[in-house]
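Accompanying notes for the structure given below.
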Amino acid sequence: MVSILPLTLSQATVSRREKRLLGPIDLTLEAGGITIVLGPNGAGKSTLLRLMHGLEKPSSGKLRYAAPRALAYSQQAFVFQTPVMLRRSVLGNLSYPLTTHKMPRAEAEKQSLTWLKRLGLGSHTSQRASQLSGGERQKLALARALIRQPELLFLDEPCANLDGAATRDIERLIIEAGASGTRIIMATHDLGQARRLADDVLFVHHGLIHEQSEAATFFDNPKTTEARSFLKGDLI
Ligand SMILES: Nc1ncnc2c1ncn2[C@@H]1O[C@H](COP(=O)(O)OP(=O)(O)OP(=O)(O)O)[C@@H](O)[C@H]1O
Ligand SMILES: [Mg+2]
């Protein structure tokens, strides 16, 4: 299969009216691994993820996937902090998107059931998705992204507001997806989670990437003063 990676950003910026929110960014994302995006509130993490996913057009500069756009979009998914549920059953939230991608309904439901059991949601299949708890919804949203086995997956603080058990379940799914070849880019505020998951770290501050390092280097020996302060918990 044609790979959509590497994804390359060249001098890419995002501006609203005259205000620059992000960039210029130069970045190459190779295949494989989990990248954690760190930085204070308002740094531009979500904007960077949205730009890379194509939800946000560069105001200047370029973004390039290694494959044509239509293919690139079909091979990636995005999970938001507050998941959007379809007005369907829990099962339908997984199976319906598959059927719209031409999978026969019986097969779509079979695959969806397997995922729901894997997530511990096997007893909720016919319940309306809107009735799930926050943690259950987030698991369902992640499953909906993963069931199509995207090559590239963006996660924007998927565990904010979740308790330890739900967070652990979601981290397990993320690690399994990463191990099976999905490239993961995830923004989080949870430094413990960043340490548990990261292969490498992008540190964003004031709309710029201040540091891109392997996880061990970033956590043990950050290069920039801002990253050092951030890791110490200082306000920056
Ligand atoms: N639609 C918009 N119009 C104007 N400014 C915006 C818009 N969306 C975001 N911004 C601004 O862009 C900057 C970056 O926002 P972004 O949401 O990317 O930050 P973030 O790092 O994800 O923050 P958080 O940690 O709070 O999620 C912020 O200053 C924000 O106020
Ligand atoms: Mg954000």
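The values are calculated or read from the model by the stated rules, or taken from the named source; none is laboratory data. Keep in mind that what you see is a predicted model, and the values were worked out from it rather than measured. In this analysis, Cβ positions are derived from the backbone assuming ideal geometry, glycine residues included, and neighbour counts consider all displayed protein chains. To get the accessible areas, we keep the full protein, side chains included, count just its heavy atoms, and leave off ligands, DNA and RNA. Shrake-Rupley method; radii C 1.70, N 1.55, O 1.52, S 1.80 Å.
If the reach is capped at under 28 angstrom between alpha carbons, list the lysines near Lys232, excluding any in the same chain fewer than eight residues apart.
Output for Lys232: Lys45, Lys223.
What does the charge dipole of the chain about its Cα centre add up to, to the nearest 20 debye, if the Cβ of each Lys and Arg holds +1 and the Cβ of each Asp and Glu holds -1?
In debye, rounded to 20, the chain gives about 940.
Give the angle, between 0 and 90 degrees and rounded to the nearest 10, that separates the Cα long axis of helix 134-146 from the longest principal axis of the Cα atoms of the chain.
Between helix and principal axis, roughly 90 degrees.
Whose amide H sits under 5 Å from the amide H of Leu208, counting only residues 5 or more places off or on another chain, with H placed in the peptide plane?
HN-HN under 5 Å from Leu208: Gly23.
For the chain, take the longest principal axis of its alpha carbons; what is the angle in degrees between that and the long axis of helix 164-179, to the nearest 10 within 0 to 90?
Between helix and principal axis, roughly 80 degrees.
How big is segment 130-174 by the Kirkwood estimate over distinct Cα pairs, in Å?
Taking every pair of different Cα atoms in segment 130-174, averaging 1/r and inverting gives 10.9 Å.
Express in whole angstrom the spacing between the alpha-carbon centres of segment 165-236 and segment 1-29.
19
Quantify how much of the Cα-Cα distance distribution of the chain extends past 25 Å, in percent.
Taking all Cα-Cα pairs of the chain, the fraction more than 25 Å apart is 43 percent.
Step by step: find N for segment 86-131, compute 2.2 N^0.38 Å, then divide the Cα radius of gyration by it. What's the final number?
1.05
Show Leu113, Leu51 ordered by accessible area, largest first, where the area counts protein heavy atoms only and the probe is 1.4 Å.
Leu113, Leu51
How much area per residue is accessible in the chain when the probe is 1.4 Å and only protein heavy atoms are counted (Å²)?
50
Taking 8 Å as the Cα distance limit and 6 or more residues as the minimum spacing, I'd like the relative contact order of segment 111-167 as a percentage.
37
Tell me, what is the FRET efficiency for Arg17 and His206 to the nearest 0.05, using R0 = 22 angstrom and their Cβ-Cβ distance as r?
Numbers: r = 18 Å, r/R0 = 0.81.
Here the calculated transfer efficiency is 0.80.
Stretched out fully, how many nm does the piece from Thr225 to Asp199 gain, at 0.36 nm a residue minus the Cα gap?
Once the chain is fully extended between Thr225 and Asp199, it gains 7.2 nm.
Summing -39500 (n - 2.57) over the DSSP H runs of n ≥ 4 in the chain and dividing by its residue number, what mean residue ellipticity at 222 nm do you reach, to the nearest 500 deg cm²/dmol?
After summing the helix terms and dividing by residue count, I get -11000 deg cm²/dmol.
Determine the share of segment 86-131's accessible area contributed by carbon and sulfur atoms, expressed in whole percent, with a 1.4 angstrom probe.
Values: 1470 of 2880 Å².
Answer for segment 86-131: carbon and sulfur cover 51 percent of the accessible area.
Size of the dipole of segment 86-131 about the Cα centre, Lys and Arg at +1 and Asp and Glu at -1 on the beta carbon, nothing else charged, in debye to 20?
It comes to approximately 60 debye.
In degrees between 0 and 90, to the nearest 10, how far off the longest principal axis of the chain does helix 90-100 point, with axes built from Cα atoms?
The helix 90-100 is inclined about 80 degrees to the chain.
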